[in-house]
Amino acid sequence: MKFPEEKTEFSARSWREHVTVSQELKAKYGTKVLKLSLTSGCTCPNRDGTRGYGGCSFCSQEGSGEFAAPYASVEKQLQAAKQKVDSKFPAGLPVPERKYIAYFQSFSNTYAPVSYLEPLYEEVISRPEIVALSVGTRPDCIPDEILAMLCRLNRKKPVWVELGLQTIHEETARAFNRGYTLPVFEDACKRLKEAGITVVVHVILGLPGETKEDMLKTVRYLADLSPGIDGIKIQMLQILRGSRMGDAWIREPFPLLSAEEYTDLVADCLQILPENIVIHRMTGDPPKNLLIAPAWTADKKRVLNLLQKKIRLRKTEQHL
Ligand code: SF4
């Protein structure tokens, strides 16, 4: 995908220093805090016909939850997830001092009755090593009784709700079958914020049909939202095996952003976002066995290095 050369407002804007979620957590808990990918066993209303069929066209068979162990008891899932991530703790850190976030990522983790969800989440947050609960869901899956449950949990341990917005543009959202409109997101966001819940929003760059300006408009909208969101996850569109978009791409490939274009865009996003929005993700980490394209997204380290170079360059240019 090639964007036309254009002078943007970003060259004139002073660089903003953002905090990443790992920096924020380390400052708060005095140690690295790692995410444990878990599965609640919920499905998604955009797949079972309640909101739509087939789901978002980029979504994998596992509902973006390939890193969690297939649904098992909470105890087994926690053990398996800890085994996966524990090598990242500083050498010698005793087990009781390790801290984690319980991250329910796959499908829509508020799409079940409170009587099922609350004991599950209670059990997880009752563990001393779990410092926060992160729940990925859709904005149309937060009725009042679920919001009340999230508030009760939030009084015990911090609760983050992660909403998959991806874009503010209705035409793009219709094309990938998101199944809800922007006012639905706005309403959920407002109710969650008013209830004191931390809100993290997911955005995808490179969705078919979107221009650079379209993508930056989404980020500008989130930057200006009131009440403001707390965090953002930005990632490149990944074409995955087993998704409807994957099947369509194999039949007829469409252009995707290069690593250069993507990292330029992320640097633009960082210049738009206010410092108080915590950066939770700047590039995705696709399940490599499912990734069809773009191949560069599999090398997270390279993408982050490229992005750091661009950030340094922009900071230098600003001081010239
Ligand atoms: S709402 Fe989430 S889980 Fe459901 S289809 Fe879309 S991306 Fe997948």
### Query
Do any cysteines of the chain lack a neighbour Cys whose Cβ is under 4.7 Å away, and which are they?
Cys42, Cys44, Cys141, Cys151, Cys189, Cys269
### Query
For the chain, taking Cα atoms only, what is the radius of gyration to one decimal and the Dmax to the nearest whole Å?
19.3, 60
### Query
Dimensions of the range 193-320 along principal axes (Cα, Å, largest first)?
44, 42, 25
### Straight-distance crosslink candidates among aspartates and glutamates, where the alpha carbon sits under 14 Å from Lys233 and sequence neighbours closer than 8 are dropped
Glu162, Asp285
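So what's the range 121-231 giving for Cα Rg divided by 2.2 N^0.38 Å, two decimals?
Details: Rg = 15.1 Å, N = 111, 2.2 N^0.38 = 13.2 Å.
Dividing the Cα radius of gyration by 2.2 N^0.38 Å gives 1.15.
What size of dipole, in debye to the nearest 20, comes out for the chain about its Cα centre when the only charges are +1 on Lys and Arg C-beta atoms and -1 on Asp and Glu C-beta atoms? If you can, show how the numbers build up before the last one.
Numbers: 44 positive and 39 negative charges, 205 e Å.
Charge dipole, the chain, about its Cα centre: 980 debye, nearest 20.
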### Task
Multiply the residue gap between Glu260 and Lys156 by 0.36 nm, knock off their C-alpha separation, and tell me the result in nm, one decimal place.
33.1 nm
### Message
How large is the translational diffusion coefficient of the range 279-319 in µm² per second when you combine the Kirkwood radius over alpha carbon pairs with Stokes-Einstein at 20 °C and 1.002 mPa s?
### Response
184
### Query
Once you mark the trypsin sites (Lys or Arg not before Pro) that are in a DSSP loop and have at most 13 other Cβ atoms within 10 Å, what is the longest gap between them in the chain?
17-287
### Task
Starting from the Cα gyration tensor of the range 215-265, take the square roots of the eigenvalues, sort them a ≥ b ≥ c, and report rounded, prolate or oblate (rounded when a/c is under 1.5, otherwise prolate if a/b is larger than b/c, else oblate).
prolate
### Query
Once you charge only the Cβ atoms, +1 for Lys and Arg and -1 for Asp and Glu, what is the size of the charge dipole of the range 131-253 about its Cα centre, to the nearest 20 debye?
480
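Rolling a 1.4 Å sphere over the protein heavy atoms, what is the accessible area per residue of the chain, to the nearest Å²? Before the final figure, lay out the partial values.
On the way: 14860 Å² over 320 residues.
Each residue of the chain exposes 46 Å² on average to a 1.4 Å probe.
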### Task
Given a cut-off of 23 Å, name the pairs among Lys156/Lys193; Lys26/Lys76; Lys35/Lys217 whose C-alpha atoms lie farther apart than that in the structure shown.
Lys26/Lys76; Lys35/Lys217
### Task
With a ≥ b ≥ c taken as the square roots of the eigenvalues of the C-alpha gyration tensor of the range 136-180, please select rounded if a/c is under 1.5 and otherwise prolate if a/b is larger than b/c or oblate if it is not?
prolate
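Carbon and sulfur: what percent of the range 9-319's accessible surface (1.4 Å probe)? Walk me through the numbers on the way to the answer.
On the way: 7350 of 13820 Å².
Carbon and sulfur together cover 53 percent of it.
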### Query
Once amide H atoms are built 1.01 Å from N in the peptide plane, which residues 5 or more positions from Lys35, or in another chain, come under 5 Å H to H?
Ile101
## Note on the structure
Under 5 Å from the placed amide H of Val278, counting only residues 5+ away or on other chains, we find Gly231, Ile232
### Helix-only mean residue ellipticity at 222 nm for the chain, each DSSP H run of n ≥ 4 adding -39500 (n - 2.57), per residue, nearest 500
-11500 deg cm²/dmol
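The values are calculated or read from the model by the stated rules, or taken from the named source; none is laboratory data. None of the values given here were measured: they were computed from a predicted structure. Here Cβ is always computed from backbone atoms with ideal geometry, including for glycine, and neighbour counts include all displayed protein chains. Just the protein is used for accessible areas: all its heavy atoms, side chains included, with ligands, DNA and RNA removed. Shrake-Rupley method; radii C 1.70, N 1.55, O 1.52, S 1.80 Å.
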